[in-house]
Amino acid sequence: MRLIILGGPGSGKGTQAKRLSEHFKISVISTGNILRKAISEQTELGKKAKDYVEKGELLPNEMMIEFIRDRLDKDDLEKGWILEGYPRTAFQAEELDFLLETLGQKLNYGIYLQVSETVMKERSLKRSLMDDQPEVIERRINIFKQYTIPILDYYQGTKRLLTIPGEASTDEVEKVILNKITD
């Protein structure tokens, strides 16, 4: 099973990715968590990504695509994976399809967790992560609307998009996702 979890900040992407990972016994590749860790450990990736993450901006396509290419080619992902936090643009979604074709892999679904802007803000402020400051959250929501929403059209056009209402309880959201995947 190969899945992408899409949604705005605070939509529950990380939570649902973890639950689906446990259900399907596959790895989660969370670009946000990996970037935060790389920044705190001051790795090469972290040094390059720090300014972008702290401002709530997207990393350059080339940097993200190279990172994803390296990660998806690892042996621990043979049974499948869940990408959380990537792709962030329609260009990255297309590049991911090309990459997967090269790697002999196929995306099963893009899962969009649909929540209101109010819920995105409330949930993000409760998390208290280093990049969850009110002005950064606002910027991330605007970037989500500008860049990520076109990804939904892309995956809808390829009949791989599942839109899931994401404001219900965590258990209910997971149940709806699993019902749609196994339909």
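The values are calculated or read from the model by the stated rules, or taken from the named source; none is laboratory data. Keep in mind the model is a prediction, meaning the values are calculated, not measured. Positions of Cβ are generated from backbone atoms using ideal geometry, with glycine treated the same way; all protein chains shown enter the neighbour counts.
Just so you know, in segment 1-39 the residues that are within 10 Å of the chain's Cα centre (by Cα) and of a type in the set (S, T, N, Q) include one that is modelled with the highest pLDDT, and it is Ser30.
Here the helices (runs of 4 or more DSSP H) wholly within segment 3-118 that include at least 1 residues being closer than 19 Å to Asp132 by Cβ, touching a residue at least 12 places away in the same chain (Cβ under 8 Å) and not aromatic (Phe, Trp, Tyr) are 13-24, 31-40, 44-55.
Residues in segment 56-72 that are polar (S, T, N, Q) and crowded, with 19+ Cβ neighbours inside 10 Å: there are none.
When segment 134-157 is filtered for residues that are more than 17 Å from the chain's Cα centre (by Cα), surrounded by 13 or more Cβ atoms within 10 Å (Cβ to Cβ) and under 18 Å from Leu3 (Cα atoms), nothing remains. Residue pairs, Cβ under 7 Å, 6 or more apart or interchain, first in segment 166-183 and closer than 14 Å to Asn108 by Cα, second of a type in the set (S, T, N, Q). List them. Matching pairs, first to second residue: Ile177/Gln16. For segment 119-133, a tally of residues being at pLDDT 85 or above, touching a Ser or Thr at 6+ places or on another chain (Cβ under 9 Å) and surrounded by fewer than 19 Cβ atoms within 10 Å (Cβ to Cβ) returns 1.
Residues that are closer than 30 Å to Lys50 by Cβ, out of contact with any Leu (no Cβ under 9 Å at 6 or more places or on another chain) and of a type outside the set (Val, Ile, Thr) within segment 141-183 comprise Asn142, Phe144, Lys145, Gln146, Pro150, listed in sequence order. As an exercise: evaluate Ile111 against (1) surrounded by fewer than 19 Cβ atoms within 10 Å (Cβ to Cβ); (2) closer than 30 Å to Lys25 by Cβ and give the number of the one condition it does not meet. The single condition Ile111 does not satisfy is (1). Taking the conditions (1) under 29 Å from Lys25 (Cβ atoms); (2) surrounded by fewer than 15 Cβ atoms within 10 Å (Cβ to Cβ) in turn, Ala93 satisfies each one other than (2).
Considering only residues that are aliphatic (A, V, I, L, M) and at pLDDT 85 or above, look in segment 40-62 and name the one that is nearest to the chain's Cα centre (by Cα).
Taking segment 40-62 first, the residues aliphatic (A, V, I, L, M) are 45, 49, 53, 58-59.
Next, from what is left, pick out any that are at pLDDT 85 or above: 49, 59.
Details: Ala49: 16, Leu59: 13 Å.
Among them, the one singled out is Leu59.
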